[in-house]
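Have a look at the structure below, then the notes.
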Amino acid sequence: KKVLIVFGTRPEAIKMAPVVREFNKNSSHFNTRVCVTAQHREMLDQVLDFFKIKPDYDLDLMKPNQNLHSLTGDIINGLKPVLEDFKPDYVLVHGDTTTSTAAALAAFYSGAKVGHVEAGLRTYNKLAPFPEELNRQITGKIADYHFSPTTMSKSNLLSEKTPEDAIVVTGNTVIDALLESVDIVNRIQDNEDINKLKEIIDADKKLVVVTGHRRENHGQGFLDICDALNRIAQRDDVQVIYPVHLNPNVQKPVYSILGDNTNIHLIAPLPYEAFIWLMDKAYLIITDSGGVQEEAPSLGKPVLVMRDTTERPEAVEAGTVILVGTDKDKILHEATDLLDNQNRYNKMTMLHNPYGDGKASERIVDYLVKQ
Ligand code: UDP
């Protein structure tokens, strides 16, 4: 059978890299090709380099001031010749991006079966014009096979009348990527990005690592987040390191508000391996990222999530993350408590990660072998 794996952003690449590897290991069953839309360019390429993935097709679609309308059209048009050339039986897409939905639709138009990795996450809150929830739902409607990270995401799909035999609970592939990479990262002797981080890190301080990118936080959200970070960084026992996402709606407020704070180190987005290394050194992580909140508990790191709603309630239930929204007082209050209340902090570091055991990609391939 022929399998086309399509992705375009940094987090998709990280989460699809172990899937690509697993399909390639099973070359007696599958002829596998990779197509990147390059919805992100630089941050995507960092991941492709680390996982040594050479895309068979690169649509190279990132443009300055990209909008979702033209991007969606470009992905569908760009994939048409790829689908005509390779004629895949299966097209695998991931998650909730414009790439996922447009690629699923293009695959459907070409008669390929669609597999959705990280299927069934829901907020049931459309939050227009923020695309993720609608992207998830549309991709789920198009998909023939649903690879759900947890039983909770499977339940969401069942409640939408998705046939049960088309859903497999696999765990999240982000854990496959993390467990494989942590090993490699620990053996890395001389890495430029890690060396630079070592120069910045003050071992006498508690390290707070921050990331953020979500559209729903653009505007007032990021202004409030920055305000809260300035207040957290007033503590002498704390140091903040923040790799800033390349989206101009993030770069602008962050650099203008936090740029002068000498206790907050604003740096470029890190290659995946250096970011994992940094997370591992953190005391606390503050983020609005989906992937980071899934990874952090495997490294024993508590996370404050700067979202009001979440499609990842498992983490909240397990207690590995605390939802703080972009309310500055709440961010400051929860961060202060975790910095001061060692008992509560220690308990959070010991919790079980609800997102998987590192074998998600194997389960995806096993399922498709049997189709
Ligand atoms: N990440 C990275 N470099 C960074 C920040 C994050 O490689 O400087 C990784 C992180 O380990 C996680 C992924 O990027 O796997 C998360 O991506 P992002 O927050 O952009 O998207 P989301 O997870 O919210 O979809």
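Any read-out appearing in this document is the output of simple, stated calculations on the displayed coordinates, not a laboratory observation. Only a predicted model underlies this, so the values are computations on that prediction, with no experimental measurement involved. Cβ placement follows ideal geometry from the backbone for every residue including glycine, while neighbour counts extend to all protein chains displayed.
Enumerate the calculated ³J(HN,Hα) couplings along the stretch 12-28 in order (Karplus 6.51 cos²θ - 1.76 cosθ + 1.60, θ = phi - 60°), each rounded to whole Hz, writing x wherever the residue is Gly or Pro.
Coupling constants for the stretch 12-28: 5, 5, 4, 7, 8, 4, x, 5, 4, 4, 5, 5, 5, 5, 9, 5, 6 Hz.
Which residues' amide hydrogens lie under 5 Å from the amide hydrogen of Thr32, considering only partners 5 or more residues apart or on another chain, with H built in the peptide plane?
Val3
Against the 2.2 N^0.38 Å scaling, with N counting residues, where does the chain land? I'd like the Cα-based Rg ratio to two decimal places.
So the Cα radius of gyration is 0.96 times the expected 2.2 N^0.38 Å.
Between Thr309 and Arg187, what length comes free when the chain is fully extended (0.36 nm per residue of separation minus the Cα-Cα distance, one decimal in nm)?
40.1 nm
Apply 1/(1 + (r/R0)^6) to the Cβ-Cβ distance of Lys205 and Asp89, taking R0 = 45 Å, and write down the FRET efficiency to the nearest 0.05.
Values: r = 54 Å, r/R0 = 1.19.
Efficiency, from the Cβ-Cβ distance: 0.25.
How high is the relative contact order of the chain, given as a whole-number percent (alpha carbon pairs under 8 Å, six or more residues apart)?
On the way: 692 pairs, mean separation 58.1, N = 371.
With pairs under 8 Å counted, the relative contact order is 16 percent.
In the P(r) worked out for the stretch 190-349, what percent of Cα pairs fall beyond 29 Å? Can you show the working numbers first?
On the way: 1175 of 12720 pairs.
Tail fraction, whole percent: 9.
Any idea what log10 I(q)/I(0) is at q = 0.13, 0.14, 0.17, 0.21 Å⁻¹ for the stretch 263-371, Debye with uniform C-alpha scatterers and no solvent?
-0.54, -0.62, -0.86, -1.21
At 7 Å along Cα-to-Cβ for each site, give me the label-to-label distance between Lys1 and Ile76 in nm.
Each label point lies 7 Å from its Cα, and together they span 2.6 nm.
Per residue of the chain, what 222 nm ellipticity follows from adding -39500 (n - 2.57) for every DSSP H run with n ≥ 4, rounded to the nearest 500?
Computed ellipticity for the chain at 222 nm equals -14500 deg cm²/dmol.
Using θ = phi - 60° and the Karplus curve 6.51 cos²θ - 1.76 cosθ + 1.60, what whole-Hz ³J(HN,Hα) does each residue of the stretch 201-207 get, with Gly and Pro shown as x?
5, 9, 4, 7, 10, 7, 8
For helix 272-281, report the angle its Cα long axis makes with the longest principal axis of the Cα atoms of the chain; keep it between 0 and 90° and round to the nearest 10°.
40 degrees
Assuming R0 = 35 Å, can you tell me the calculated FRET efficiency for the pair Asn65 and Leu266, based on Cβ-Cβ distance, to the nearest 0.05?
After rounding, the FRET efficiency stands at 0.95.
Computed over the Cα atoms, what is the radius of gyration of the stretch 2-60 divided by 2.2 N^0.38 Å, N being its residue count? Walk me through the intermediate numbers first.
Values: Rg = 10.7 Å, N = 59, 2.2 N^0.38 = 10.4 Å.
Relative to the rule-of-thumb radius for its length, the stretch 2-60 sits at 1.04.
Provide the FRET efficiency to the nearest 0.05 for the Asp327-Asp237 pair, computing r from the beta carbons and using R0 = 25 Å.
Computed FRET efficiency for Asp327 and Asp237: 0.60.
Students often get this wrong, so check it: of Lys54/Lys198; Lys252/Lys328; Lys141/Lys252; Lys2/Lys52; Lys52/Lys196; Lys87/Lys161, which have C-alpha atoms separated by over 26 Å?
Violating the 26 Å limit, Cα to Cα: Lys54/Lys198; Lys141/Lys252; Lys87/Lys161.
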